[in-house]
Amino acid sequence: MSVPAVEVRNLTKVFPLSLKKEYLVAVEDLSLTVNAGEVYGLIGPNGSGKSTTMKVVLGLMAATTGSTKVFGIESRDVRSRHQIGFLPENPYFYKHLTGFETLKFYGRLCGLRGRELKDRANEMLALVDLEVARDRRLGGYSKGMLQRIGLAQAMIQRPRLVVLDEPTAGVDPIGSRQIRDLIFKLKEDGISVFLCSHLLEQVQEVCDRVGIIANGRMWREGPLHELIAIEDQTELVLRDASPALLERIRNLVASDSGGAELVRSGHPRTTLERLFLDIVRESREAKAKEDREKQASKGAKK
Amino acid sequence: MSEAANAETEERTVPRVPLFSPGRIWVLTMSTFTQLVRMKTFYFLIIFAVLVAAASNLNLLYTPAQKLRMLKDASFGAMSIFSWLFAIAATAVLIPRDLEDRTLYTILAKPVPRLEYLLGKLFGVLLTIGVALVVMQVLFTGFLFFREVTVLAAERQALEAQGGMSPEDIQAQLELIRAQGVQWQLLYALVAIFLKAGVVAAVTMLVSTFASSTLFTMIVATIIFLVGHFHKLAAGYWLHELGDSLVAKLVVKPVIMIIPDFRVFNVTENIVGGTPVTTGAMLALVGLALLYMAVYSAVALYLFIDKEF
């Protein structure tokens with residue numbers, strides 16, 4: 001079995017709050033796995049711990065407890081970064097560099113040189129459709145163009161994992177669609193994608209597996225088709241069913257004393273958005289309950 | 001698959017990323033240099049050229065030697081102010097700006113150790129200061145040479161017209177003027193200014209690794225720079241007054257140790273005044289500056305290496 005692209009095991013991240021002896025638990029006992037070649041979406045409300053998790057995976061932060069690995073290498077090990085391409089939310093690269101110079105800069109940091117670097121930079125510019133803006137300084141780029149050049153720099157060294165933090169934040173629908181197509185292209189090329197996004201429709205469209213995080217905890221994780229399936233309903237899938245058989249099934253359903261009705265064939269599904277909202281509501285209720293219990297126990301001690 | 005085979009497979013999949021790469025540092029150095037150049041830093045050179053031209057054409061009631069000395073004073077003064085001010089301002093801005101713009105994330109998400117990032121930034125600032133100082137030195141030396149030639153010609157003419165002096169006396173008189181002209185020692189002054197700026201940049205980088213804002217970094221670095229010019233003197237007085245007291249141990253002695261002594265780099269005044277600085281003294285100064293830079297960079301790395309973004 002191949003090594004997972006990302007392996008997060010029992011990750012907890014605690015931030016001390018100023019000089020007070022108080023702490024903020026940003027992520028608590030979180031585990032997730034991004035398999036090689038899959039597109040994984042981590043979704044959650046603001047402040048749920050998505051970015052913290054991503055930063056720990058990238059080695060920009062250290063875990064308080066637990067471990068994170070990228071293709072089997074500890075995230076804090078600089079070698080793990082050779083396999084990663086990262087696009088932060090709303091990136092602003094060096095405005096004094098042109099698009100081409102930006103790609104050369106990041107390529108050189110990854111050890112690319114000479115003709116190989118030049119060809120790769122041109123290839124990436126073509127991929128993100130920025131050839132016309134090749135020699136324009138980034139100070140003159142629109143938000144969508146910055147996002148696309150960001151994606152190009154993320155892929156410059158041919159990483160096996162691309163980490164995208166809100167890749168379509170603030171991008172118009174056309175730019176958003178281009179980025180979505182690029183994610184499909186990455187998937188086709190066998191590159192693993194670890195995606196954080198608020199755009200649930202987009203996550204539903206591109207992700208193979210999804211994790212829903214709230215209040216620093218993983219509430220639900222699994223293949224998208226399983227997550228959005230309605231568990232208390234059943235779908236029968238028949239192969240080569242004759243019209244007579246189908247007719248008998250319809251008759252059987254019609255004769256059901258409970259008044260069942262065959263509405264349509266196919267698996268009934270909810271939407272990721274509805275599932276997400278349900279989970280967030282559930283997590284908030286659980287948190288409120290926890291807080292109430294804490295308050296009650298404090299009151300009882302006094 | 002056996003454990004040994006597994007380990008071998010894993011070994012093969014781990015990319016070879018050198019733990020320390022001068023090539024990556026050079027990439028970051030050149031990027032920082034380009035950034036600073038494109039921030040129109042070198043426009044200062046135009047101001048400098050105007051200043052030197054004005055100083056070289058001032059015809060105050062000075063002796064010829066004093067005229068040359070004034071030109072050197074003004075030029076080295078401007079070079080010194082530019083270098084330390086630039087070292088503080090540029091270094092204080094670079095890292096916080098990378099953080100605010102999230103450029104730091106994209107750089108550190110590549111296989112770039114934090115040591116290399118810090119060194120690349122520091123060397124980029126030093127390269128910019130070095131290039132600017134060399135250009136200023138060339139400009140200033142050109143003006144000084146031109147001024148020296150014209151002053152010498154005018155003085156020779158005046159002394160010969162005055163009469164009553166032997167050619168040897170005239171030559172001796174002119175030598176006194178030449179001593180204030182273009183000399184190899186001027187390069188030592190340039191090196192000393194550069195070294196001082198290097199130490200200032202290293203101190204500023206250290207402050208920027210824990211500071212919460214650019215403004216705070218600039219203020220603290222400037223205070224350290226100013227205190228570094230008199231703290232040894234003040235410390236001597238305080239240690240004499242306080243003896244081996246707790247205040248002396250907890251405040252005065254740590255301040256002496258932490259803050260560099262910037263006065264040792266003020267060799268320009270000696271050189272301008274005609275007192276030569278020996279090569280040995282210059283080498284000692286280079287060694288001291290490198291030591292200061294290494295220590296401040298090491299502490300900066302210690303603070304930066306586990307910093308969370």
| query | Can you list residues whose amide H is under 5 Å from A:A36's amide H, if they're 5+ apart or on another chain and H is modeled 1.01 Å from N? | reply | A:A5
| message | For a 27 Å ceiling on Cα separation, which of these pairs sit above it: A:K21/B:K307; A:K13/A:K294; A:K95/B:K121; A:K21/A:K50; A:K50/A:K118; B:K72/B:K253? | response | A:K50/A:K118; B:K72/B:K253
| query | Using a Gaussian network model of chain A with C-alpha springs under 10 Å, which one of A:R250, A:R120, A:R76 is most mobile by mean-square fluctuation? | reply | A:R250
| field | Rg to Rh quotient for the protein assembly as shown, alpha carbon positions, Kirkwood Rh | value | 1.15
| note | Relative contact order as a percentage, chain B, C-alpha pairs under 8 Å and 6+ apart, gives 25 percent
| When you look at the Cβ of every residue in A:69-78, what mean number of other chain Cβ atoms sits within 10 Å? | 3
| request: Take the Cα coordinates of chain A, assign each an equal point scatterer, and use the Debye formula without solvent to give log10 I(q)/I(0) at q = 0.07, 0.16 Å⁻¹. | output: -0.37, -1.27
| Debye intensity ratio I(q)/I(0), log10, chain B, q values 0.10, 0.13, 0.14 Å⁻¹ (C-alpha model) | -0.70, -0.99, -1.09
| query | In whole angstrom, and with the biggest value first, how far do the Cα coordinates of the range A:134-209 range along each principal axis? | reply | 37, 27, 16
| Under the span-like rule (Cα at least 18 Å along the axis, Kyte-Doolittle mean at least -1.0), DSSP H helices of chain B | B:22-38, B:43-56, B:64-100, B:114-162, B:185-210, B:214-227, B:279-305
| remark: Quick note on A:K185, A:K50, ordering by fewest other C-beta atoms within 10 Å, gives A:K185, A:K50
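If N is the number of residues in the range B:120-208, what value comes out of its Cα radius of gyration divided by 2.2 N^0.38 Å? Don't skip to the end; give the middle numbers.
Numbers: Rg = 19.9 Å, N = 89, 2.2 N^0.38 = 12.1 Å.
Compactness ratio reported: 1.65.
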| request: Normalise the Debye intensity by I(0) for the range B:171-260, one equal point scatterer per Cα, no solvent, then take log10 at q = 0.18, 0.20, 0.23 Å⁻¹ and round to two decimals. | output: -0.88, -0.97, -1.09
| Inter-chain shielding of A:89-99 (mean C-beta neighbours from other protein chains, 10 Å cut-off) | 4
| message | So if a site counts as exposed when it's one of the GluC sites (Glu not before Pro), its DSSP state isn't H, G, I, E or B, and it has at most 14 other Cβ atoms within 10 Å, what's the longest stretch of chain A without one? | response | A:1-230
| query | Which ³J(HN,Hα) values, rounded to whole Hz and listed in residue order, are derived for the range A:74-89 from phi using the Karplus coefficients 6.51, -1.76 and 1.60 in 6.51 cos²θ - 1.76 cosθ + 1.60 with θ = phi - 60°, glycine and proline given as x? | reply | 4, 4, 6, 6, 4, 5, 5, 6, 5, 9, 10, x, 10, 10, x, 5
| request: Would you pull out the residues with amide H under 5 Å of A:I213's amide H, same chain only if 5 or more places away, H placed 1.01 Å from N? | output: A:I43, A:G44, A:W219
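Coordinate-derived values only; no laboratory data. Since the structure is predicted, the reported quantities are computational estimates derived from the model, not experimental observations. Every residue, glycine among them, receives a Cβ derived from its backbone with ideal geometry; neighbour counts consider all protein chains shown.
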